[in-house]
Amino acid sequence: MKQPILLTLAFCLSSSATACVFGYHRVNEPIPTKPEEVVQVWTHGQLMRLHDSSMLLDSITGIPVGSPWTCDACRIGLALTDVDSVRVRRNTTVIEGAKALGQSILASYLWTLIP
């Protein structure tokens, strides 16, 4: 009966380790982004997804996802005082992701061997 509990725990550990590698992370200071990179901006509890964005010391501008990149009239700007958080996708390569996944699976397997 102890084995299924350990396998469940091992699966949860490997899943959470993989989730830390992929996905979005919070940005606290201005960083350069590529035009095709989607930036998540949370403002007043609502999510705005922007591409072709630029973040300055006091504001962030970008074009909402769904609008063409050439639409300058679609570009919006927000003061950082109105922004709750800014998140960008982690820049991990497939090799780094596979390495982290392998390490988490190995750690989970070793965890199940503990009596």
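What the table shows:
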quantity: Net length gained if the chain between LYS99 and LEU47 were fully extended (0.36 nm per residue, minus Cα distance); calculated: 15.6 nm
quantity: Simple label model, 7 Å out from Cα along Cβ direction - SER59 to ILE31, nm; calculated: 2.3
quantity: Cut-off 16 Å, label 7 Å out along Cα→Cβ of ASP84, residues of the range 24-63 by amide N; calculated: 25-27, 40-50
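Here, each number is a calculation from the coordinates, and none is a lab measurement. Since the structure is predicted, the reported quantities are computational estimates derived from the model, not experimental observations. For neighbour counting, all protein chains shown are included, and Cβ atoms are generated from backbone atoms with ideal geometry for every residue, glycine included.
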